[in-house]
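Shown next, in structure tokens, is the structure this report addresses.
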Amino acid sequence: MSRRLLPLSILLLAATLATAQGLRDSGSVVKMTVQPKSVTAAVGDQVSWTVTLDIDKDWHLYAHGDPKYYGIAVTGLDSLPLVGAEVAYPAGKKGKFLDETVQLLEGRQTLTIGGFLAAEPAGPMLLELELQACDKKSCLAPAYLQIPLVVEPKR
């Protein structure tokens with residue numbers, strides 16, 4: 001196993017064991033809010049939401065696309081009635097974890113989700129935000145937070 005994968009494998013194993021024992025996951029140190037609570041739009045309108053993450057002090061996440069660690073990721077975009085759906089992720093800042101250079105997200109971070117409404121949704125559209133929080137020496141089990149996107153029809 002490569003030297004880079006060994007620390008990651010150990011951290012993931014520890015996180016899996018912690019979850020199996022009923023210990024907290026990454027959602028316990030990251031709070032998420034979505035604004036606005038709902039948007040009013042007609043088919044063809046551009047819509048967007050801001051997702052704010054408040055990461056507890058002494059904890060961090062990895063930026064989306066970090067090549068070495070479990071970066072944040074929004075899944076489920078392809079199931080939404082949004083044309084050109086995109087997520088603008090925070091870039092993070094360079095930092096160190098286990099002597100590796102990584103892109104860290106700390107404190108308050110925001111990402112934006114948007115696109116053009118292709119059809120009137122029957123109810124809230126749900127996405128999932130995957131994330132894993134770590135401190136200076138360990139990582140919690142990953143969390144899968146539901147992101148509700150609500151569209152009220154424009155009349």
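The values are calculated or read from the model by the stated rules, or taken from the named source; none is laboratory data. The model shown is predicted, which means the values in this text are computed figures rather than measured ones. No Cβ is skipped: glycine too gets one built from the backbone with ideal geometry, and neighbour counts run over all protein chains shown.
Using beta carbons and a limit of 6 Å, which pairs, at least six apart or on different chains, have the first residue in the range 35-57 and without any contact (Cβ under 8 Å) to a residue 40 or more places away in the chain and the second one part of a strand (DSSP E or B)?
35/50
Looking at the range 145-155, which of its residues are without any contact (Cβ under 8 Å) to a residue 60 or more places away in the chain and either hydrophobic (A, V, I, L, M, F, W, C) or assigned to a strand (DSSP E or B) (or both)?
146
Can you name every residue in the range 114-128 that is touching a Phe, Trp or Tyr at 6+ places or on another chain (Cβ under 8 Å) and closer than 20 Å to residue 70 by Cβ?
Scanning the range 114-128 gives a single hit, 128.
Test residue 97 against the criterion of being farther than 17 Å from residue 32 by Cβ, at pLDDT 95 or above and among the hydrophobic types (A, V, I, L, M, F, W, C), and give yes or no.
The answer is no for residue 97.
Only one residue in 66, 58 is farther than 18 Å from residue 117 by Cβ, of a type in the set (Asp, Glu) and either over 15 Å from the mean Cα position of the chain (by Cα) or not in a loop (DSSP other than H, G, I, E, B) (or both), so which one is that?
58
Within the range 91-103, is even one residue in contact (Cβ under 8 Å) with a residue 40 or more places away in the chain, closer than 23 Å to residue 29 by Cβ, aliphatic (A, V, I, L, M) and surrounded by 15 or more Cβ atoms within 10 Å (Cβ to Cβ)?
yes
Give the residues of the range 107-137 that are surrounded by 13 or more Cβ atoms within 10 Å (Cβ to Cβ), over 13 Å from the mean Cα position of the chain (by Cα) and assigned to a loop (DSSP other than H, G, I, E, B), sorted by residue number.
Scanning the range 107-137 gives 118, 120, 121, 135.
Applying the selection to the range 73-105, what residues are under 16 Å from the mean Cα position of the chain (by Cα) and among the aromatic types (Phe, Trp, Tyr)?
Selection gives 89 alone.
If a residue must be acidic (Asp, Glu) and part of a loop (DSSP other than H, G, I, E, B), how many such residues does the range 96-106 contain?
Final tally of qualifying residues: 2.
Which is charged (D, E, K, R) and either at pLDDT 95 or above or more than 17 Å from residue 34 (Cα to Cα) (or both), of 86, 152?
86
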